[in-house]
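The values are calculated or read from the model by the stated rules, or taken from the named source; none is laboratory data. Quick caveat: nothing in here was measured; it's all calculated off a predicted structure. In this analysis, Cβ positions are derived from the backbone assuming ideal geometry, glycine residues included, and neighbour counts consider all displayed protein chains.
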Amino acid sequence: MILAIITFLVMFITGSHTEDFCYDEGHCDPYAWGDTFPSCHPILEEHHSPINLDHHMTRNESLEALHLDGFHTVHTGHWKLKNNGHSVVLEVGNGMSVSGGGLPGTYHTIQLHFHWGSLNTNGSEHTVDRHRYPMEMHIVNMKSSHPNLTSALDDPTGLAVLGFFIDLNYIENVHFGRISRLLPSVAYKGQTATVKPFPLIGLLPESHLSQYYRYHGSLTTPPCSQAVLWTMYEVPIYISWSQVSKHY
Ligand SMILES: [Zn+2]
C-alpha cells in the first residue's frame, strides 16, 4: 500500500511538472519557463536544448549508424495517438529499442511526438546553420536499466532522443499518412486515437541514417532535465503540405 502511494505521488509530481507550461499565451512562453523550472534558463544551463547545429561541428568518424531493433517489425496490439495539450504523442508500446552509435547501452523506445509552428512560422526546435524547418519529430528512448522515467531523468544519459527534421514537398508520405489522417480526431487536449502498428523504419530517411549530429542536452520542455543524448539526423523526412496542414 505504501509503495502504491509513493508511486502515485511520483506520478502526480511528474504530471504537474509536465502540465504547468505553455508556449504562446501572452505572459507565458518558453522564455518564462525558467521562472518555475530553473533548468529551463537557456543562458544559465550548459546542457540546454534545443541548439543550433552547424556544419563546423567536430566530425567523429567512429560513430556508426544506430542499431534500430524492432523498427522493421509489424508489432501486435495497438499504438495510442494522444493530444497532451502541447504535442501529439504516439505511444508505441514495447518491442523497439536503439543502441550503438556511441550510446552507453540499450534504450527502449517509448513514444514519438511532433513539434510544429503556426501557419506562418516554421516550427522545428533545432536549427541547422540557423535554418528552421517546418516541423521536427522526436523518438524518445529510455535507458533500459531504469525502471521508470523519473529515474531516467536523474541520469545525465538516461534518455536518447532521435530527432528528425520534417520538410515539405508535393508528394504524400504514405507512412506519415498513418498518423496524419488521425490528427483531426486528436485536435483537442486529452483526445486519443488508436493506431495500427506499422514498421517505424518506414517513417525515417532510411538510407541516410548514418548522417547525424550528436550532443548532450536536455528535454526541450519543462522540467528541461539535462538527461538527454541527442541524435539529430541531417536528412529530413519529407511530407506533403496537406499532411502538415492537418497539424493546425
Ligand atoms: Zn520533443
Odd one out for Ser151, checked against (1) more than 19 Å from His67 (Cβ to Cβ); (2) polar (S, T, N, Q); (3) part of a strand (DSSP E or B)
(3)
So which residues in the stretch 156-167 are outside any loop (DSSP other than H, G, I, E, B) and away from the ligand (no atom under 15 Å from the Cβ), if there are any at all?
Asp167
Give me the residue from the stretch 66-112 that is among the aliphatic types (A, V, I, L, M) and part of a loop (DSSP other than H, G, I, E, B) and, out of that set, farthest from Ala193 (Cα to Cα).
Leu103
Please go through the stretch 123-155 and give me each residue that is in contact with a strand residue (DSSP E or B) (Cβ under 7 Å, 6 or more places away or on another chain), in contact (Cβ under 8 Å) with a residue 60 or more places away in the chain and more than 16 Å from the ligand (Cβ to nearest atom), ordered by number.
Val128, Arg130, Asp155
Taking the condition of being assigned to a strand (DSSP E or B) and within 14 Å of the ligand (Cβ to nearest atom), how many residues in the stretch 199-228 meet it?
2
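A quick yes/no check of all residues on (1) under 29 Å from Asn60 (Cβ atoms); (2) of a type in the set (A, V, I, L, M, F, W, C); (3) within 17 Å of the chain's Cα centre (by Cα):
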position: His146; (1), (2), (3): yes, no, no
position: Leu204; (1), (2), (3): yes, yes, yes
position: Leu209; (1), (2), (3): yes, yes, yes
position: Arg214; (1), (2), (3): yes, no, yes
position: Cys224; (1), (2), (3): yes, yes, yes
position: Trp230; (1), (2), (3): yes, yes, yes
For residues that are modelled with pLDDT under 95 and of a type in the set (Gly, Ala, Ser), scanning just the stretch 103-122, find the one that is nearest to the ligand (Cβ to nearest atom).
Gly117
Across the stretch 172-181, which residue is nearest to Ser240 (Cα to Cα) among those that are touching a residue at least 60 places away in the same chain (Cβ under 8 Å) and buried (at least 18 other Cβ atoms within 10 Å of the Cβ)?
Asn173
Could you please give the count of residues in the stretch 195-248 that are free of Cβ contacts under 8 Å to residues at least 24 places away in the same chain and charged (D, E, K, R)?
1
Taking the residues in the stretch 123-137 that are part of a loop (DSSP other than H, G, I, E, B) and out of contact with any helix residue (DSSP H, G or I) (no Cβ under 8 Å at 6 or more places or on another chain) as candidates, determine which candidate is modelled with the lowest pLDDT.
Gly123
Please work out which residue is farthest from Asn122 (Cα to Cα), limiting yourself to the stretch 168-194 and to residues that are in a strand (DSSP E or B) and at pLDDT below 95.
Asn169
